[in-house]
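Enquirer: Dropping the structure in here first, questions after.
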Amino acid sequence: MKSIKIKNSSKEIEIGKIVCVGRNYAEHAKELGNEVPEKPVIFLKPSSAVIFSGDKILYPSFSNEMHHETELVLLIGKKIKNGSEAESEEAIEGYGVGLDMTLRDIQNELKKKGHPWTIAKCFDMSAVLSEFILKKDYKLTLDEEISLFINGEIRQKEKLNMMLFPPVKIVQYISSLMTLEEGDLIFTGTPKGVSKVEKGDKLHAKISGMVELNCTVG
Ligand code: MG
């Protein structure tokens with residue numbers, strides 16, 4: 001099993017399931033030709049897909065178009081099912097930044113056929129994680145900026161308050177669909193600016209004043 005590391009702490013937390021939100025920024029939904037959803041679009045990633053800052057993302061042999069999606073990631077600290085808004089807020093224990101690596105060529109084919117996105121989203125190394133910062137050490141305002149640089153050039157940059165569904169609403173909604181448990185992670189969706197990565201690219205993702213990660217594509 002894999003564990004996330006906590007900033008300024010020796011504490012490690014074993015990763016449970018990873019729930020992801022799609023199309024949570026209006027401009028990103030539009031750039032991929034999708035409608036802005038009325039409810040969060042939900043999918044899963046396996047914990048076997050996780051790698052960490054400093055690791056290398058290997059291009060899967062079955063795709064020629066791997067995209068970066070830079071996202072705020074929530075750490076769930078306690079079991080929650082059908083949570084109220086207050087309970088949902090309380091269930092969030094910390095925050096990280098992550099890359100939801102996506103095989104866009106495969107995903108486009110799957111979408112056309114009406115098939116699940118599993119092959120495009122669940123491959124090894126498709127979930128890159130930073131260290132996490134605990135909520136008790138950092139108060140999220142949503143005024144923070146999330147950004148991604150490739151080889152020093154900025155590709156994605158957006159305020160977290162541009163999310164269609166904020167963290168508490170996402171947790172509340174997911175907890176109405178499935179039980180969330182300690183160690184579960186939630187990828188909250190990517191802002192506009194997704195693009196293809198190439199072998200040799202150096203990726204740097206950050207949320208201002210909070211967390212950051214670095215990795216290379218191989
Ligand atoms: Mg995503």
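Enquirer: Let me check the size of segment 135-218 from its C-alpha atoms; what are the radius of gyration and Dmax in Å?
Expert: Both quantities, over Cα of segment 135-218: 14.9, 42 Å.
Enquirer: Let me ask something else about it. Quote the relative contact order of segment 153-218 in percent (integer), defining contacts as alpha-carbon pairs under 8 Å separated by 6+ residues.
Expert: 30
Enquirer: With an 8 Å Cα cut-off and a minimum separation of 6 or more residues, compute the relative contact order for segment 1-103 in percent.
Expert: Working: 117 pairs, mean separation 21.9, N = 103.
It comes to 21 percent, rounded to a whole number.
Enquirer: Of HIS68, HIS204, HIS115, which has the most accessible area with a 1.4 Å probe, and how do the rest follow in descending order?
Expert: My answer, sorted largest first, is HIS115, HIS204, HIS68.
Enquirer: Related question: Which whole-number percent gives the relative contact order of the chain, counting Cα pairs below 8 Å spaced six or more residues apart?
Expert: Averaging sequence separation for qualifying contacts and normalising by length gives 33 percent for the chain.
Enquirer: Using only Cα atoms, locate the centre of segment 134-200 and the centre of segment 3-47, then give the distance between them in Å, rounded to an integer.
Expert: So the separation of the two Cα centres works out to 6 Å.
Enquirer: For ILE51, what accessible area in Å² do you get when you roll a 1.4 Å probe over the heavy atoms of the protein chains, rounding to the nearest 10?
Expert: Per-residue accessible area (ILE51): approximately 20 Å².
Enquirer: Could you put MET101, MET1, MET125, MET162 in order of accessible surface area, largest first, with the 1.4 Å probe and the full protein assembly present?
Expert: MET1, MET162, MET125, MET101
Enquirer: Set the Förster distance to 30 Å, then compute FRET efficiency between GLU90 and PHE52 from the Cβ-Cβ distance, nearest 0.05.
Expert: 0.65
Enquirer: A further question on this structure: State, in angstrom, two size descriptors of segment 3-217 derived from its alpha carbons: Rg to one decimal place and Dmax to the nearest whole number.
Expert: 15.9, 46
Enquirer: Additional query: Mind checking Rg over Rh on segment 105-177, alpha carbons, Kirkwood formula for Rh?
Expert: Answer for segment 105-177: 1.03.
Enquirer: Under the rule of -39500 (n - 2.57) per DSSP H run of 4 or more residues, summed and divided by the residues of the chain, what mean residue ellipticity at 222 nm is obtained, to the nearest 500 deg cm²/dmol?
Expert: Working: 5 runs with 36 residues, N = 218.
Calculated mean residue ellipticity at 222 nm is -4000 deg cm²/dmol.
Enquirer: Leaving ligands, DNA and RNA out of it, work out the accessible area of ASP137 with a 1.4 Å probe and give it in Å² to the nearest 10.
Expert: Here the residue's solvent-accessible area equals roughly 90 Å².
Enquirer: Sorted by accessible area (1.4 Å probe), largest first, how do ILE154, ILE207 line up?
Expert: On the way: ILE154 80, ILE207 5 Å².
Descending order: ILE154, ILE207.
Enquirer: While we're on this one: Looking at segment 7-68, what % of the alpha carbon pairs are farther apart than 20 Å?
Expert: Cα-Cα pairs in segment 7-68 separated by more than 20 Å: 52 percent.
The values are calculated or read from the model by the stated rules, or taken from the named source; none is laboratory data. In this text the structure is predicted, and so the values were computed from the model without any measurement. With ideal geometry, Cβ positions are generated from the backbone for all residues, glycine too; neighbour counts draw on all protein chains shown. Keep in mind that these areas ignore ligands, DNA and RNA; they rest on the heavy atoms of the full protein, side chains included. Shrake-Rupley method; radii C 1.70, N 1.55, O 1.52, S 1.80 Å.
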